[in-house]
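S.K.: Mind looking over this structure? Questions follow.
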Amino acid sequence: MGRTNLQKGFTLTEALVVAAIVAIMAAVAIPTYNGYLRNQRQTTVKNLAETAAVSANTYWRQTNLIPDSASLHLFLPDPTRFSILIQASSLMITDVSSPDRISYSVKYKSP
């Protein structure tokens with residue numbers, strides 16, 4: 001009877017091919033994922049700015065005063081993550097937690 005030698009496992013070449021495929025997939029997937037995160041942050045900041053602008057406009061129409069940033073921080077989900085800059089007729093919200101500090105400016109009243 002002949003003895004057969006059964007090999008178990010992968011060869012070095014097979015392992016390197018799989019590693020190369022995974023590396024190529026990661027090189028494509030990671031920038032795409034970061035783009036999705038940036039778009040999500042931009043949308044969040046824009047929505048928060050527009051909501052704060054409506055609130056600021058309502059406050060201005062009722063009191064004829066420019067609202068302060070402390071009162072508008074109540075509308076933010078995480079006041080430590082976002083900052084508000086209020087000017088005479090516009091406001092800007094910045095996501096200070098993101099590495100690129102995404103900002104969005106919007107007018108809240110007509111002069």
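S.K.: Could you tell me which of the residues 80, 44, 32, 94 is in a loop (DSSP other than H, G, I, E, B) and either on the phi < 0 side of the Ramachandran plot or surrounded by 12 or more Cβ atoms within 10 Å (Cβ to Cβ) (or both)?
M.R.: Numbers: 44 fails: in a loop (DSSP other than H, G, I, E, B); 32 fails: in a loop (DSSP other than H, G, I, E, B); 94 fails: in a loop (DSSP other than H, G, I, E, B).
After ruling out the rest, the residue left standing is 80.
S.K.: Does region 52-67 hold any residues that are outside any loop (DSSP other than H, G, I, E, B) and more than 22 Å from residue 39 (Cβ to Cβ), and which are they?
M.R.: 54, 55, 56, 57, 58, 59, 60, 61, 62, 63
S.K.: In the set 27, 23, 70, 88, which member is of a type in the set (A, V, I, L, M, F, W, C), in a loop (DSSP other than H, G, I, E, B) and out of contact with any Leu (no Cβ under 7 Å at 6 or more places or on another chain)?
M.R.: Sole residue among the options that is of a type in the set (A, V, I, L, M, F, W, C), in a loop (DSSP other than H, G, I, E, B) and out of contact with any Leu (no Cβ under 7 Å at 6 or more places or on another chain): 88.
S.K.: Being in contact with a helix residue (DSSP H, G or I) (Cβ under 8 Å, 6 or more places away or on another chain) and touching a residue at least 24 places away in the same chain (Cβ under 8 Å) is the filter; apply it to region 56-76 and report the residue that is nearest to residue 103 (Cα to Cα).
M.R.: Per the criteria, the residue is 76.
S.K.: Would it be correct to say that residue 66 is at pLDDT below 85 and either surrounded by 11 or more Cβ atoms within 10 Å (Cβ to Cβ) or not aromatic (Phe, Trp, Tyr) (or both)?
M.R.: Spelling it out, residue 66 is indeed at pLDDT below 85 and either surrounded by 11 or more Cβ atoms within 10 Å (Cβ to Cβ) or not aromatic (Phe, Trp, Tyr) (or both).
S.K.: Still on this structure, I have one more. Would you check which residues across region 97-111 are loosely packed, with under 13 Cβ neighbours inside 10 Å and either of a type in the set (Ser, Thr, Tyr) or in contact with a Gly (Cβ under 8 Å, 6 or more places away or on another chain) (or both) and list them?
M.R.: Of the residues in region 97-111, the ones loosely packed, with under 13 Cβ neighbours inside 10 Å are 97, 99-101, 110-111.
Of everything in region 97-111, those that are loosely packed, with under 13 Cβ neighbours inside 10 Å and either of a type in the set (Ser, Thr, Tyr) or in contact with a Gly (Cβ under 8 Å, 6 or more places away or on another chain) (or both) turn out to be 97, 110.
S.K.: Right, another one. Can you run down the residue pairs with Cβ atoms below 6 Å, 6 or more apart or on separate chains, where the first is in region 85-111 and farther than 11 Å from residue 52 by Cβ and the partner is among the basic types (Lys, Arg) and part of a loop (DSSP other than H, G, I, E, B)?
M.R.: 89/109; 94/101; 97/81
S.K.: As an exercise: evaluate residue 101 against (1) at positive phi; (2) out of contact with any strand residue (DSSP E or B) (no Cβ under 8 Å at 6 or more places or on another chain) and give the number of the one condition it does not meet.
M.R.: For residue 101, the failing item is (2).
S.K.: Shifting gears a bit: Looking at residue 110 and the list (1) at pLDDT below 85; (2) in a helix (DSSP H, G or I), which single condition is not satisfied?
M.R.: (2)
S.K.: Out of (1) touching a strand residue (DSSP E or B) at 6+ places or on another chain (Cβ under 8 Å); (2) closer than 20 Å to residue 99 by Cβ, the odd one out for residue 39 is which?
M.R.: Every condition holds for residue 39 apart from (1).
The values are calculated or read from the model by the stated rules, or taken from the named source; none is laboratory data. This one's a predicted model, so the numbers in the text were calculated from it and none came from an experiment. Virtual Cβ from ideal backbone geometry, glycine too; neighbours counted across all protein chains shown.
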